[in-house]
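The values are calculated or read from the model by the stated rules, or taken from the named source; none is laboratory data. The structure displayed is predicted, hence computed values, not measured ones. Cβ coordinates were reconstructed from backbone atoms using ideal geometry, including for glycine residues, and neighbour counts include every protein chain displayed.
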Amino acid sequence: MGADFVTLSLTPILIGALAAVACALPGNFLVLRRQALIGDAISHVVLPGIVVAFLITGAVATLPMILGAACAALVAVALIEAVRRLGRIEPGAAMGVVFTAMFAGGVLLLEQSDTSSVHLDVEHALYGNLESLIWLDASGWGSLTDPVALAGLPPELGRIALTLVAVALFTGIFWRPLALSTFDEGFARSLGIRTGALGLALVVVSALAAVAAFDAVGSIIVIAMFICPPAAARLMTDRLGAQVGWSVVFAILSAILGYVLAGYGPGWFGLGASVSAAGMIATVSGVILALAAVFGPRRRGAIVAT
Amino acid sequence: MSALSLVPNADRVAADAAALRAPLAIRGLTVSYGQQPAVFSVDMTLRAGAMTAIVGPNGAGKSTLMKAALGIVTPLSGRITAFGAPVELQRHRIAYVPQRASVDWDFPARVIDVVLMGMYRDLGLLGRVRAHHRDFARDCLDRVGMTDFADRQIGQLSGGQQQRVFLARALAQNADLYMLDEPFAGVDAATEKAIIAVLKGLRDEGRTVLVVHHDLATVAEYFDDVLLIATRKVAEGPVTQVFTADNLQATYGGRLATQQIDRLPGAGA
């Protein structure tokens with residue numbers, strides 16, 4: 001764990017962990033609202049949003065992309081609602097149709113447009129570029145206190161950290177109405193809580209987390225982190241606060257373990273190159289969910305009703 | 001419009017005056033899901049300090065009427081006031097118990113957490129739950145006989161216990177008007193007795209209770225007033241005057257045999 005680690009692995013692990021937590025926090029409420037697929041939908045429709053933003057501005061700039069992706073997320077939510085109501089189709093199917101179609105549209109747009117000059121392609125969209133977010137200015141742990149080196153941190157780190165702060169603030173401030181309206185929407189409305197606006201805000205915040213994470217780590221992690229850590233956490237506890245706490249632990253664990261396994265794991269088995277960090281992080285989160293489903297204290301069948 | 005209609009009708013004036021301060025007054029309420037109206041042009045005035053049942057067949061708009069009164073569903077038309085002011089301004093005086101089956105009991109919460117939800121208006125967004133909040137929540141659980149279950153996960157409760165927890169949450173709202181949607185659906189006899197005792201206690205303290213009710217056999221025993229609806233209002237008033245065979249026949253149409261009505265307590269022809 002020397003200078004190489006700081007330069008090559010510290011920032012990707014940090015970014016991966018922050019992105020995982022930013023997605024897992026709203027994911028808790030999405031999963032409890034049986035809207036886990038919304039997270040999936042959002043992370044897919046981010047692609048056409050980003051491509052359209054690129055086509056309009058002609059540059060890979062962060063702000064237009066975030067705006068484009070956020071707009072795409074809102075369009076997707078409206079479309080899902082429209083398909084559900086007009087087509088009388090159950091919500092899951094409506095989400096599946098909308099996000100697959102929009103993602104496919106994004107792929108077509110990407111192919112047709114001239115993006116060869118910029119770093120924007122389907123592979124990047126799926127896996128992100130976590131391994132490339134290295135800290136070249138770092139020369140060891142000492143660099144953490146060196147202002148010159150700190151200025152050379154990858155910009156993704158600051159972005160995802162800011163996003164996490166925003167997501168955490170939203171979750172913290174609106175904890176009570178979020179919990180109330182998730183458990184009992186009718187009662188929440190009778191108290192005067194604007195459940196529709198709150199639900200939409202949750203989707204927008206999820207979209208924000210998805211866009212920032214997508215930028216750094218690709219959509220595979222985003223999808224996995226919205227669902228796997230919260231779902232695994234639900235199997236560990238019967239209290240909402242504790243569930244969210246567990247989900248944060250699982251998200252961080254997935255990011256660290258996944259990154260290390262991807263980078264060094266193949267070597268341990270005598271295999272050559274490392275594997276995709278994003279893929280491995282998502283896989284680890286899936287394995288954690290599987291373990292929680294088998295061993296979690298609150299799994300189905302583990303509780304004896306009295 | 002003729003000038004005649006502007007002359008105030010004495011009955012109408014008296015009714016409006018009563019409605020002005022009634023715990024709940026509804027005028028011309030129409031609610032529709034899609035094409036079919038679920039509730040059509042209903043007027044009602046709740047009598048303060050009384051226990052009133054909303055009775056009618058399945059799909060008659062009983063729950064919808066209650067949800068519209070609470071602002072949970074948006075009506076097509078109608079005016080709703082509570083204690084003489086728009087409902088939005090009186091939410092702190094109204095407690096609501098939704099249908100038990102309308103929520104997911106797998107939600108990660110303990111019994112005490114659910115009761116504390118009734119104090120949301122006191123606690124606000126970020127207010128800390130203090131000892132006196134917990135004490136009051138435990139008092140409310142005690143009144144429904146659920147003290148020993150405070151730390152139990154809500155998914156482990158029986159249907160009757162879940163309904164008691166919901167009632168405890170409403171008690172924690174410390175309201176002047178209690179609205180309950182089918183509180184006796186799928187609960188055991190002991191729970192039904194316990195719930196009715198609590199509701200009568202509230203009534204005896206001068207609070208007003210409105211219940212969506214489907215068991216015709218207990219209407220006369222439990223309630224003071226009754227509102228009979230089948231999308232439209234059929235009748236409203238004291239059970240002794242309104243809960244008659246003719247009105248029930250009009251409410252349920254052919255769905256209720258005459259012999260059934262004859263056997264109902266309090267529903268003499």
Practice prompt. Among the strands (runs of 3 or more DSSP E) lying completely within the range B:169-269, list those that include at least 1 residues that are among the small types (Gly, Ala, Ser).
Written response: B:225-230, B:232-238
Worksheet item: Got a number for residues in the range A:247-286 being crowded, with 23+ Cβ neighbours inside 10 Å and within 14 Å of the chain's Cα centre (by Cα)?
Response: 9
Item to complete: Scan the range B:96-155 residue by residue and report those that are within 9 Å of chain A (Cβ to nearest Cβ), over 24 Å from B:Val212 (Cβ atoms) and not aliphatic (A, V, I, L, M).
Response: B:Asp106, B:Pro108, B:Arg110, B:Asp113, B:Gly124, B:Gly127, B:Arg152, B:Gln153, B:Gly155
Worksheet item: How many residues does the range A:236-286 hold that are modelled with pLDDT of 85 or more, over 28 Å from A:Arg298 (Cα atoms) and among the hydroxyl-bearing types (Ser, Thr, Tyr)?
Response: 1
Worksheet item: Just checking, how many residues over the range A:232-245 are surrounded by fewer than 22 Cβ atoms within 10 Å (Cβ to Cβ), under 20 Å from the mean Cα position of the chain (by Cα) and within 19 Å of A:Ala282 (Cβ to Cβ)?
Response: 0
Worksheet item: Does B:Asp188 qualify as being closer than 30 Å to B:Asp135 by Cβ and modelled with pLDDT under 95?
Response: yes
Worksheet item: Given the range B:46-132, what strands (runs of 3 or more DSSP E) lie entirely inside it while holding 3 or more residues that are touching a His at 6+ places or on another chain (Cβ under 7 Å) and crowded, with 19+ Cβ neighbours inside 10 Å?
Response: B:51-55
Item to complete: Being touching a residue at least 12 places away in the same chain (Cβ under 8 Å), more than 25 Å from A:Glu185 (Cβ to Cβ) and in contact with a Pro (Cβ under 6 Å, 6 or more places away or on another chain) narrows it down to one of A:Ala24, A:Ala3, A:Ala19, A:Ala72, so name that one.
Response: A:Ala72
Practice prompt. With the checklist (1) out of contact with any strand residue (DSSP E or B) (no Cβ under 8 Å at 6 or more places or on another chain); (2) under 25 Å from B:Thr244 (Cα atoms) in hand, flag the one item B:Asp224 doesn't pass.
Written response: (1)
Worksheet entry | Selection status of B:Ala101, under 18 Å from the mean Cα position of the chain (by Cα), at pLDDT 95 or above and of a type in the set (A, V, I, L, M, F, W, C) | no
Worksheet item: Any residue at all in the range A:178-189 that is buried (at least 19 other Cβ atoms within 10 Å of the Cβ), among the polar types (S, T, N, Q) and within 12 Å of chain B (Cβ to nearest Cβ)?
Response: yes
Item to complete: Look at the range B:79-129 and say how many of its residues are within 16 Å of B:Asp176 (Cα to Cα) and among the aromatic types (Phe, Trp, Tyr).
Response: 2
Discussion item. Quick check on the range A:222-235. Is at least one of its residues within 11 Å of chain B (Cβ to nearest Cβ), of a type in the set (Lys, Arg) and farther than 30 Å from B:Val73 by Cβ?
Written reply: yes
Practice prompt. Return yes or no: is A:Gly286 free of Cβ contacts under 8 Å to residues at least 12 places away in the same chain, on the phi < 0 side of the Ramachandran plot and not aliphatic (A, V, I, L, M)?
Written response: no
Worksheet item: Which residues, taken from the range A:135-161, are buried (at least 17 other Cβ atoms within 10 Å of the Cβ) and closer than 25 Å to A:Val275 by Cα?
Response: A:Trp135, A:Ala138, A:Leu153, A:Pro154, A:Glu156, A:Leu157, A:Ile160
